[in-house]
Amino acid sequence: MELSEDALLAKVNAMPREKLIEWLAWNDVHGLFLDEDSIAEGYEPLTKEHAAICVFVVMMRDRDSWDGYAKLR
């Protein structure tokens, strides 16, 4: 059973930044999510808010019922 959009959003927003980054790096090993990788490529490290958005979108994008808009607050 998958979580509702609101429940998933609450769970993602409650996660610490480090766990969000860890999940993103696990989910896409070729991405630039770890601070050291981002910095080495000349990018700023992800903020907690941006990391939470990324996790939420990745988890929601395959749901047929999702309209592509995130209720981020």
Subject >> Elements of type helices (runs of 4 or more DSSP H) in the chain, at least 1 residues being surrounded by fewer than 16 Cβ atoms within 10 Å (Cβ to Cβ) and in contact (Cβ under 8 Å) with a residue 40 or more places away in the chain >> reply: 5-14
Original post:
Yes or no: residue 3 under 20 Å from residue 66 (Cβ atoms), touching a Phe, Trp or Tyr at 6+ places or on another chain (Cβ under 9 Å) and at pLDDT below 95?
Top reply: no
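The values are calculated or read from the model by the stated rules, or taken from the named source; none is laboratory data. Everything numeric in this text was worked out from a predicted model, so none of it was measured. With ideal geometry, Cβ positions are generated from the backbone for all residues, glycine too; neighbour counts draw on all protein chains shown.
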